[in-house]
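Down below is the structure, laid out as structure tokens.
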Amino acid sequence: MKAGSLRNRITLMKPTVADDGHGQQVPTFQDVATVFCSDQPLSMRGIAAVRDGIVAGTEANVSYRWVAIRYRGDVRNDWRVRFVGGRRDGMVGEIMDAREDNKRDELALVVKLVNP
């Protein structure tokens with residue numbers, strides 16, 4: 001993976017549980033790391049990779065992104081990302097799929113924007 005293609009940044013967030021102050025445990029997300037990434041709209045090829053999660057047009061207005069980062073072994077499908085800077089600054093996305101390449105130097109994430 002060439003460093004020149006990593007022009008954007010995201011913060012990786014893992015799910016956790018926190019106390020709400022009233023004795024209740026509520027699900028939340030904790031920042032893990034801010035990393036450089038490449039960010040592209042999801043092509044038809046990428047949509048085919050996650051078509052099982054898209055049900056017959058019910059998510060027609062949902063925005064999907066193809067985000068590539070340097071390989072990390074800890075990223076899971078239940079994590080989220082928050083975009084840092086640029087046009088999508090502050091937007092949050094759910095990781096729908098995380099795929100490593102054969103050389104384990106890149107991790108490709110299919111991200112569904114939660115608040116487009």
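I need the peptides 18-24, 67-73 ranked by packing, meaning the mean over residues of other C-beta atoms within 10 angstrom, with the highest value on top. Could the numbers behind the result be given before it?
Numbers: 18-24: 8.3, 67-73: 16.0.
So the peptides 18-24, 67-73, ranked by packing, come out 67-73, 18-24.
Please give me the summed charge of the neighbours of G86: other residues whose Cβ is under 14 Å from its Cβ, Lys and Arg +1, Asp and Glu -1. Please report the intermediate quantities before stating the final value.
Details: positive: R7, R9, R65, R82, R87, R88; negative: D39, D89.
Residues near G86 contribute +4 overall.
Bear in mind these aren't lab numbers, they're just calculated from the coordinates by the rules spelled out. Note that the coordinates shown come from a computational prediction; the quantities given were computed from them, not determined experimentally. Neighbour counts are summed over all protein chains in view; Cβ atoms, including those assigned to glycine, are modelled from backbone coordinates with ideal geometry.
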